[in-house]
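**Q** My questions will all concern the structure given below.
The values are calculated or read from the model by the stated rules, or taken from the named source; none is laboratory data. Predicted model, so just to flag it, every value in this text is computed and none were measured. With ideal geometry, Cβ positions are generated from the backbone for all residues, glycine too; neighbour counts draw on all protein chains shown. Areas reflect the complete protein model, heavy atoms only, side chains present, ligands, DNA and RNA absent. Shrake-Rupley method; radii C 1.70, N 1.55, O 1.52, S 1.80 Å.
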Amino acid sequence: MSGVSFVDLKTQYARLKPQIAEAIQEVLDDGRYILGPAVTKLESELAEYCGVRHAISCSSGTDAIIMPLIAYGIGPGDAVFVPSFTFTASAEAIILVGASPVFVDVEADSFNIDLADLEAKVAATRAEGKLTPKAILGVDLFGLPADWDEINALAQRENVNLIDDAAQSFGGVYDGKRVGALAPVSSTSFFPAKPLGCYGDGGAITTDDDELAELLKSIRVHGQGADRYEIARIGINGRLDSIQAAILSVKLPILEDELSARDHLASVYDEELMDTVTIPKRIPGRQSAWAQYTIKTDRRADIQAALNESGIPSAIYYPKPMHLQAPYLPYGGGEGSLPVSETICHQVMSLPMHPYLPDEDARRIAEVIRKAVA
């Protein structure tokens, strides 16, 4: 089957080409390429979309995690609890600020953080006394919001900071609230393949906390104070380019339409594959942004070979959990310590997922999978 894209940015660009050209030209004419008016405009639009008071744009989804960790004063001797079944940026950010990740297992069906294991890890860390529990970094994997009511309650009980790593879930909904408003502070990524992506790297942080927002704006620009040469604190170079902001402002108005198309595609896959593989879990009150459509199967190699033969791309997110990756071995409990994360790494497989994939292509993809399993 030729012509199937895992992610199709070209069709989306064709849809928006004149508006994108105009938006970029406005930035070029204006000449303010870093933190210019396009950035201020986008931040206002993002805050309104998420239903929060503040959106602070930044240079990547990784910096969007690092900046709140810095703002909360998290560093050496501090423990940050994070799922092991995630992208490296979630754990990497913790080590980059000098803190220690404590890896937590995930639920086998939602792929999101396991609350019972989270509670146990916090208690065990306190009891051991080597690290001070300082934060929980929850992750909305593949676009599905985690159980934020429960995670918020746990963070309050344990008196720790809470960050939503929403790099894959921007546009998702939890009990009527949009992702970005589900934790005291949320981080997202605008990497091109995300549900809302720019044409380079970019990210944003959303919060209702006025003081935190001001702190994040300072950290984003090398910790500047009243002016750029008064340094109030140690920060980073975490600014979003004005051209990327302008592109995102063009894309944001069609996001709901694209999310609806993603959800429809997921329903087609569900219908075609429910008797063949384990399809993604649907949870009442939670709407996934469908960054990925991820199935589970014990016949992954057979399915992937059949898809490859038919010219259909697929991907494995993630082939190894973080606690078993070389740089994180000193922080984890080794093989067997997080059984669910270790098991699902051998079962998961993501199929082409984007708003412009025709139903008939999805049905043909499913047919290849059914034949491979049969």
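**Q** For L96, L16, give the ranking by accessible area with the largest first, probe 1.4 Å.
**A** L96, L16
**Q** Do the sum for the chain: with -39,500 (n - 2.57) for every DSSP H run of n ≥ 4, divided by all residues, what is the mean residue ellipticity at 222 nm, to the nearest 500 deg cm²/dmol?
**A** -13000 deg cm²/dmol
**Q** Among the DSSP beta bridges whose two residues both lie in the chain, what percent are antiparallel, rounded to the nearest 5?
**A** Antiparallel: roughly 60 percent of the beta bridges in the chain.
**Q** Here is a further query. Got a number for carbon plus sulfur as a percent of the range 271-374's accessible area, 1.4 Å probe?
**A** That share works out to 50 percent.
**Q** Could you give the longest part of the chain that holds none of the trypsin sites (Lys or Arg not before Pro) found in DSSP loops with at most 10 neighbouring Cβ atoms within 10 Å?
**A** Counting only loop sites that pass the neighbour cut-off, the longest clear stretch is 229-374.
**Q** Which distance in nm do the two modelled labels at E367 and D302 give, with both placed 7 Å along the Cα-to-Cβ direction?
**A** With each label placed 7 Å out from Cα toward Cβ, I get 2.0 nm.
**Q** Extension gain D359-I283, at 0.36 nm per residue separation less the Cα-Cα distance, in nm?
**A** Values: separation 76, 0.36 × 76 = 27.36 nm, distance 2.33 nm.
So the extension gain works out to 25.0 nm.
**Q** Return the whole-Å distance between the Cα centroid of the range 285-360 and the Cα centroid of the range 162-184.
**A** When both Cα centres are located, 22 Å separates them.
**Q** Modelled label-to-label distance, E271 and H346, 7 Å Cα→beta-carbon offset: nm?
**A** In this crude spin-label approximation the distance works out to 3.5 nm.
**Q** Please identify every one of the GluC sites (Glu not before Pro) in the range 161-239 that sits in a loop by DSSP and has no more than 14 other beta carbons within 10 Å of its own beta carbon.
**A** E230
**Q** On to the next question. Between L28 and E230, with labels modelled 7 Å along Cα→Cβ, what's the label distance in nm to one decimal, could you check?
**A** Placing both labels 7 Å beyond Cα along the Cβ direction yields 3.8 nm.
**Q** Can you tell me the dipole magnitude for the chain around its Cα centre, using point charges on the Cβ only (Lys, Arg +1; Asp, Glu -1), in Debye to the nearest 20?
**A** Numbers: 32 positive and 52 negative charges, 117 e Å.
About 560 debye.
**Q** Determine the sum of side-chain charges near D175: Lys and Arg each +1, Asp and Glu each -1, restricted to other residues whose C-beta is under 12 angstrom from that of D175.
**A** With Lys, Arg at +1 and Asp, Glu at -1, the net is 0.
**Q** Per residue, what accessible area does the chain have, given a 1.4 Å probe and all protein chains present, in Å²? Before the final figure, lay out each step's value.
**A** Values: 15470 Å² over 374 residues.
Ligands and nucleic acids excluded, the result is 41 Å² per residue.
**Q** Under a 10 Å cutoff between Cα atoms, tell me which one of D263, D29, D164 has the largest fluctuation in the Gaussian network model of the chain.
**A** Highest fluctuation among the options: D29.
**Q** Given H placed 1.01 Å from N in the peptide plane, which residues other than close sequence neighbours of I231 have an amide H under 5 Å from its amide H?
**A** G225
**Q** Positive end of the dipole of the range 233-374, charges at C-beta (+1 Lys, Arg; -1 Asp, Glu), about the Cα centre: which of A326, S267, P313 has its Cα farthest in that direction?
**A** The residue sitting most towards the positive pole is A326.
**Q** Suppose the chain between K10 and E309 were pulled fully straight at 0.36 nm per residue; how much longer would it get relative to their current alpha carbon spacing?
**A** This chain segment gains 105.2 nm when fully extended.
**Q** For the range 142-185, with all protein chains present and a 1.4 Å probe, just round the carbon and sulfur fraction of the accessible area to a whole percent.
**A** Numbers: 580 of 1460 Å².
Accessible surface attributable to carbon and sulfur in the range 142-185 totals 40 percent.
**Q** Additional query: Summing Lys, Arg as +1 and Asp, Glu as -1, what charge do residues with Cβ under 15 Å from the Cβ of P76 carry, P76 excluded? Don't skip to the answer; put the middle values down first.
**A** Numbers: positive: K130, K134; negative: D78.
Value of the local net charge: +1.
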